[in-house]
Amino acid sequence: MTASAAPATDPHDAPGIHLSGAGLMSLRHLARRGVSPSTRTIAGLPGGIVTRKRGRGSEPDDVRPWSEGDDRRFIDRNATARTGELHVRTHHDERDRAVVLLADFRPSMLFGTRRALRSVAAAEALALLGWRIVGDGGRIGLIVASAGEPAVVRPAGGERAMTAVTGALAHAHAAALAATAKDDPPLTDTLALARSLLPSGGHLVLASALDAPGPDWESLLTALAERLSIRLLLVSDAFERQRRPGFYPYALPDGRRGTVEARPGAPAVETGGADDPRLARLHACGVESLRIDVEGGPESYAPLMERLDAVL
């Protein structure tokens, strides 16, 4: 009697390669650590003093005694009548944020040497940011750039919106891993799609390694930045930043394997550091950037997304 052969495991299910919708949903607990930016903001004072943000929106904030300089239009009649002293009502600053996340799942993003693929790191960072935005009352949408048709989720609010976004990310990533295309289509088509989803003054956050973005990439970014706030999460693998000489084995999605040699004196790669010429060009286009190191993982991305959320 012979033992039956163990079922072959799908390499796409390996940690760091498989992108799970449930895993992205679980990041909401990590994203919600700290203080919500709707109630706290860094004041423009020496030392970065943290203060409560107040405004004249439609949402009530609190009622307090009137003081010299307060606008009498905001006197609260009920509190004034009850206490016999003038009271004023303050309101939350109105913030109707519409944010579209653009995840790059093109073939070049399905690469990684530490912890995860670049595409997985991009999805993790975007999911963390998305959870922060919906937790603060904003609306979140999604575009996934891949070798096939882009996946699109229109901006909406609440946990239901993030359920749609995380599910679409997981489904699109599985489709990207199963695809046979090898060449990257330009990112310019998805930029044009983002413009159609966002109102003027909306926010676009792109997570990509910026491989082969397209010939008209910078000109389109410049035009788009005139009506949208655009931020880039530059996804960086350790191998790109520090490529030591030697022989490196690799495996392709179709099962083929081989070895590539990194020789001493090879041209330096663009790493996403402060001196990266790509980031300087993007800054000139009106686009600010953060670098996401693949090996860091969600714990290291969370404070970066908190900083980004505060300026959106």
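Each part reduced to its alpha carbon centroid, region 136-161 and region 276-295 end up 23 Å apart. Across the alpha-carbon atoms of region 124-264, the computed radius of gyration and Dmax are 17.5, 52 angstrom.
Legend: P(r) of region 203-244 from all alpha carbon pair distances, 5 Å bins from 0, whole percents, reading 6, 19, 21, 25, 13, 9, 6, 2, 0. Computed from the alpha carbon atoms alone, the convex hull of region 60-195 holds 159 Å³ per residue.
All of the numbers you see were taken from the coordinates with simple rules; none came from a lab. None of the values given here were measured: they were computed from a predicted structure.
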